[in-house]
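Laboratory data are not the source of any read-out in this text; all were calculated from the coordinates shown. Predicted, not measured: the structure shown is a model, and the values here were computed from it. Virtual Cβ from ideal backbone geometry, glycine too; neighbours counted across all protein chains shown.
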Amino acid sequence: MKSGGSTHFAGLILLAVLSGCASSGKPQDSFDPKLASNVSATAAEAAVSKTGTKVCRWVQLGISERDLVRGVVQQREQATAVRVRIEDPGRFTNSLNGTPLARGALVLDKAVAWTPCVF
């Protein structure tokens, strides 16, 4: 996606989030967990959808162990998915969506599974 397109996409995401936060002028007595979840998912997708973003993801190993995998977003593939090039596959031998994790491997995964990080 060209940089102008990603800026336009980010603007649309911001507009959608802000329109969901608009109120009717009446005080809200209840918390809407579905709205909060949608806003959170949209913000997460927007944060990791830009090409070149450094991202991290926890991979569950067995019952109690987790491993941190780090990578760089290569491109947005679908409405909710990104292709990530693995930079650090973690401490253990892992696979993600059937793809063995190794330095340089490309994986296609849901955008909300990844978070921006610094490494």
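One chain, two ends: residue 117 and residue 91. Fully extended at 0.36 nm per residue, the span grows by 7.6 nm beyond their Cα-Cα distance.
Between residue 72 and residue 41, the C-beta separation translates, for a Förster distance of 22 Å, into a calculated FRET efficiency of about 0.50.
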